[in-house]
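So the structure is just underneath, and the comments pick up after that.
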Amino acid sequence: MSNEVNMLMPESPNLIFIFTDQQRADTLSCYGNRNIEAPNLNALSQRSFVFDNAYVSAPVCTPSRGTLLSGLWPHTHRAVENNIPLPSDVKTIVDLLPENYLKAYHGKWHLGDEVIRREGFDEWVSIEDQYRDYYSDERYDKVLSDHCNFLKMNGFEPDKVSKGEKVFSRAYAATMVEEFTKAQFLASQAEQFIEKNKHRPFALYINIFEPHPPYDGPLNDLYDPADIPVPPTFLKNPPDNASEMHKLRAEASLGGQGFDPDRDVWGDTGDENLWRDIIARYWGNVTLVDRAVGRILNAVVQAGLQHNTIIVFTSEHGEQLGEFNIIQKTTFYESSIKVPMIVHVPWINNQKENEGNDSFSPIQRMSRIEGRYSHIDTVPTLLDLMGIEVPENLQGTSRVPVLNGEETLEKSDVFIDWPGDMSHLITEDMPDVKKLRMQPYRSIISREGWKLTLGPEQNEFYDLNEDPYEQNNLFDQVSEKSRIKDLTDRINQWQVDTGDTAVLSK
């Protein structure tokens, strides 16, 4: 960090890290979507750093979350598949903060015992009861989420029995009026936390469940499905020479799989109106998220913490929403791996800010960060911003010099790490798409805008500059062999550098 910026940094700055579940990058105006009502996030972006191309470490929940919390690749932190706990010997960012910090986690965890506070955190607010089958101790079966207890206290009757306890299914919880949604519950909890702890340094992680399926919520009718703009890949099958993984994902989606575990009836998945309705509902949940974020940002101002609080907004992965006939994530397409990344740092974003101002300053301006950014860099960047030494074992790089304008991301390649190291569990009766998901894939999105995915079957190579929607797989074209060789070498070198032993096709 430069001396000038370091002098402006407050002692022990606060951190509020807000991330959503399954939110695409193109849901905010700073990423080109001016149709979704998201005034709070749009305003935040106007006074923050906005990374033009931010990528997750893996296009699925648990591995991606592990990276966001630990600063390690999925193959290193070992939570390589959904519902695998983050090992206890893996340190999270809060383990690296000074003892004077209060450390809190609010929201969906999906890295182990959902309703039990992980060591290192001082406060824990839970919202999920859907992962009870994966708890490490049967004693936890009696513990229900804070959101479940909140709904019960307000007179709602659970609709589902799980391991002997009455809980709320996601489908039922999504039908609640806005006040009782998970997003608004977390906003309320954050407001209380910020006000209570405004006189001491804190790190508050908030994971808002929405806009994750069941694609349902109190704002279902906010957007007209007929007015939804769609890309050229909407309801088009993947190219004939696409990977089997992508083709099987489309086949499964059209068969009704992957829409939502709590709802059995969706209608005809070949009907465009159904898909448009899903997108409209998804957009409604993005607006629901924005309203919750607005409450959290207002709480920061009301507590007088706007000048010494880092605020981050991102998501753990994206969503296909019918592109290539695929619903949800677990693909290597841009829609699944590219997410918002907004970072507000008062002492860098606005070094001329009037300290007496009682709100976020209107003088602040958006600073766009070109190039490609990976979530692997998030933990080291935040530690550096907070004046904390970055441990050598972290596998990312602090991007504070980029925020300070001293460096760029011009030479940055990013990688997608699909560990798939559970292939020894594959059985003959398993669906083909599951067999492929249990084997390793690796992608590189290069500084030049080329994208190569290597795996156990048909590989894919796209020129994102000429083909941003990934409609033309060039992997088998002789004219591209030198580029593919170069990118393969970069993946191999990254594997050596990060201790990745996965064997990939060439």
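Scan segment 413-428 and tell me whether some residue there is acidic (D, E), farther than 26 Å from V94 by Cβ and over 23 Å from the mean Cα position of the chain (by Cα). Outline the logic, then answer.
Going residue by residue through segment 413-428, those that are acidic (D, E) are 413, 417, 421, 428.
Then keep just the ones that are farther than 26 Å from V94 by Cβ; that gives 413, 421, 428.
Subset that is over 23 Å from the mean Cα position of the chain (by Cα): 428.
Within segment 413-428, one or more residues are acidic (D, E), farther than 26 Å from V94 by Cβ and over 23 Å from the mean Cα position of the chain (by Cα).
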- Item | Filter result for F313 (within 15 Å of the chain's Cα centre (by Cα), part of a strand (DSSP E or B) and of a type in the set (F, W, Y)) | yes
- Considering every residue within segment 154-176, establish whether at least one is open to solvent by less than 60 Å² (accessible area, probe 1.4 Å), hydroxyl-bearing (S, T, Y) and in a helix (DSSP H, G or I). no
- Query: What are the residues in segment 99-144 that are out of contact with any Ser or Thr (no Cβ under 8 Å at 6 or more places or on another chain), outside any strand (DSSP E or B) and of a type in the set (V, I, T), if any?
  - Reply: I116, V143
- What helices (runs of 4 or more DSSP H), lying completely within segment 36-80, carry at least 1 residues that are small (G, A, S), modelled with pLDDT of 95 or more and over 13 Å from E316 (Cβ atoms)? 39-46, 61-70
- Message: Quick check on my filter: what residues within segment 460-475 are within 25 Å of the chain's Cα centre (by Cα) and either polar (S, T, N, Q) or modelled with pLDDT under 95 (or both)?
- Response: N465, Q471
- Query: open to solvent by less than 10 Å² (accessible area, probe 1.4 Å) and not in a loop (DSSP other than H, G, I, E, B) - does that describe any residue in segment 88-98?
  - Reply: yes
- Can you tell me which residue within segment 442-459, out of those that are touching a Leu at 6+ places or on another chain (Cβ under 8 Å) and at pLDDT below 95, is nearest to T330 (Cα to Cα)? G455
- Residue among V496, V478 that is within 25 Å of D240 (Cα to Cα) and surrounded by fewer than 13 Cβ atoms within 10 Å (Cβ to Cβ): V478
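Taking the criterion of being within 21 Å of N237 (Cα to Cα) and either of a type in the set (A, V, I, L, M, F, W, C) or within 22 Å of the chain's Cα centre (by Cα) (or both), would at least one residue in segment 484-493 satisfy it? First the steps, then the outcome.
Going residue by residue through segment 484-493, those that are within 21 Å of N237 (Cα to Cα) are none.
No, every residue in segment 484-493 fails to be within 21 Å of N237 (Cα to Cα) and either of a type in the set (A, V, I, L, M, F, W, C) or within 22 Å of the chain's Cα centre (by Cα) (or both).
Residue-wise test of (1) buried (at least 19 other Cβ atoms within 10 Å of the Cβ); (2) in contact with a Pro (Cβ under 8 Å, 6 or more places away or on another chain); (3) touching a residue at least 24 places away in the same chain (Cβ under 8 Å); (4) of a type in the set (V, I, T).
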residue: H246; (1), (2), (3), (4): yes, yes, yes, no
residue: F259; (1), (2), (3), (4): yes, yes, yes, no
residue: R281; (1), (2), (3), (4): yes, no, yes, no
residue: N285; (1), (2), (3), (4): yes, yes, yes, no
residue: I296; (1), (2), (3), (4): yes, no, yes, yes
residue: Q302; (1), (2), (3), (4): no, no, yes, no
residue: Q306; (1), (2), (3), (4): yes, yes, yes, no
residue: T314; (1), (2), (3), (4): yes, yes, yes, yes
- Task: Enumerate the pairs (first residue in segment 387-400 and without any contact (Cβ under 8 Å) to a residue 12 or more places away in the chain; second residue anywhere and not in a loop (DSSP other than H, G, I, E, B)) with beta-carbon separation below 7 Å, excluding pairs fewer than 6 apart on the same chain, so at least 6 apart or on different chains.
- Result: V390/P380; V390/L383; V390/D384
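Going through L204, L235 one at a time, which residue ends up being open to solvent by less than 50 Å² (accessible area, probe 1.4 Å) and at positive phi?
Working: L204 fails: at positive phi.
Going through L204, L235 in turn, just one is open to solvent by less than 50 Å² (accessible area, probe 1.4 Å) and at positive phi: L235.
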- Note on the structure: For segment 359-375, pairs from a residue that is among the β-branched types (V, I, T) and at pLDDT 95 or above to a residue that is assigned to a helix (DSSP H, G or I) and surrounded by fewer than 17 Cβ atoms within 10 Å (Cβ to Cβ), with Cβ under 7 Å and 6 or more apart or across chains, are none
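The values are calculated or read from the model by the stated rules, or taken from the named source; none is laboratory data. This is a predicted model, so every value here is computed, not measured. Positions of Cβ are backbone-derived with ideal geometry, glycine not excepted, and every protein chain shown enters the neighbour counts. Calculation scope for accessible area: heavy atoms of the full protein, side chains included, ligands and nucleic acids excluded. Shrake-Rupley method; radii C 1.70, N 1.55, O 1.52, S 1.80 Å.
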